[in-house]
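Here the structure comes first, spelled out in structure tokens, and everything after it is commentary.
The values are calculated or read from the model by the stated rules, or taken from the named source; none is laboratory data. Only a predicted model underlies this, so the values are computations on that prediction, with no experimental measurement involved. Here the Cβ positions follow ideal geometry from the backbone for every residue, glycine too, while neighbour counts run over all protein chains shown. These accessible areas exclude ligands, DNA and RNA; they are computed on the full protein's heavy atoms, side chains included. Shrake-Rupley method; radii C 1.70, N 1.55, O 1.52, S 1.80 Å.
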Amino acid sequence: ASAHTTQPRTVIVVTATGREADELAAALRCYLPADSVATLPAWETLPHERLSPRSDTVARRLAVFRRLAHPTADGITGTIEVLTMPVRALLQPVVQGLGDLAPVRLRTGDDADLTQVATELAQAAYARVDMVERRGEFAVRGGILDVFPPHESHPLRIEFFGDEVDEIRYFAVADQRSLDEAPDGLWAPPCRELLLTDDIRQRAHALAAQVPGAAEMLEKWRRA
């Protein structure tokens, strides 16, 4: 008998449509641990369209890439055993290094600087607002941080006691009332696959003159 440790494998199932990929994943969760089954959605926009995919689509894709590249022991960030995807997602080119984009992660009891966390969310393309109402937004009020990760059904409210995360709960958008405790804490993947870092802005500025057809878009990235 071999003494080698069996490495976990990911089974990839390609379907014709995104609906079939979601339905298959839901069926497989009846037989496998729910967190071990994931779906890689395709962009709902076409490559030639000057439109960005929805933030929840981007976040779901980046969550999958992160789990494939850097799986944890278990839970929502653990190893993916079965990955379903529509054929469009399989054929779509993927920017190198998307799996290395680190989500903003907080658990109850963690030590964290609220100002630094807010900066990290802004760098991950979350929009800072006065009151969180939509996916991809965050707000800071005193020692409270509200965040709406695009892949979540409800936003999360993180209460700080000094530099310690005291409590993390879901809350309702309609009346801003706190709901159940979030056992997995905050796991907020970026809302954009191409983050507008200083390096990306410099590259956009340099390419604007070389790619006239994309000059308007590149100038927008440079100024963002």
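Students often check this: by mean Cβ neighbours within 10 Å, which of 53-62, 113-122, 139-148 ranks highest, and how do the rest follow?
Highest mean packing first, the order is 53-62, 139-148, 113-122.
For segment 107-146, which whole percent of the accessible surface, found with a 1.4 angstrom probe, sits on carbon and sulfur atoms?
After summing per-atom areas, the C and S share lands at 43 percent.
May I ask you to give the percent of accessible area on segment 13-58 that is carbon plus sulfur, with a probe radius of 1.4 Å?
It is 59 percent, rounded to a whole number.
Please state the charge dipole magnitude for segment 1-153, taken about the Cα centre, from unit charges on C-beta atoms (+1 on K and R, -1 on D and E), reported in debye and rounded to the nearest 20.
Computed about the Cα centre, the dipole is about 340 debye.
Determine the gain in length on full extension of the stretch residue 122-residue 13; use 0.36 nm per residue of separation and subtract their C-alpha separation, reporting nm with one decimal.
In short, 35.8 nm is gained.
Is the C-alpha gyration tensor of segment 38-131 telling us rounded, prolate or oblate? Criteria: a/c under 1.5 is rounded; beyond that, a/b larger than b/c is prolate, otherwise oblate.
Oblate is the answer for segment 38-131, as a/c is 1.5 or above yet b/c matches or exceeds a/b.
What does the accessible area per residue of segment 1-152 come to in Å², with a 1.4 Å probe and no ligands, DNA or RNA counted?
Averaged over the residues of segment 1-152, the accessible area is 59 Å².
First check a/c for segment 110-180, with a ≥ b ≥ c the square roots of the eigenvalues of its C-alpha gyration tensor; if it is under 1.5, answer rounded, and if not, answer prolate when a/b is larger than b/c or oblate otherwise.
oblate
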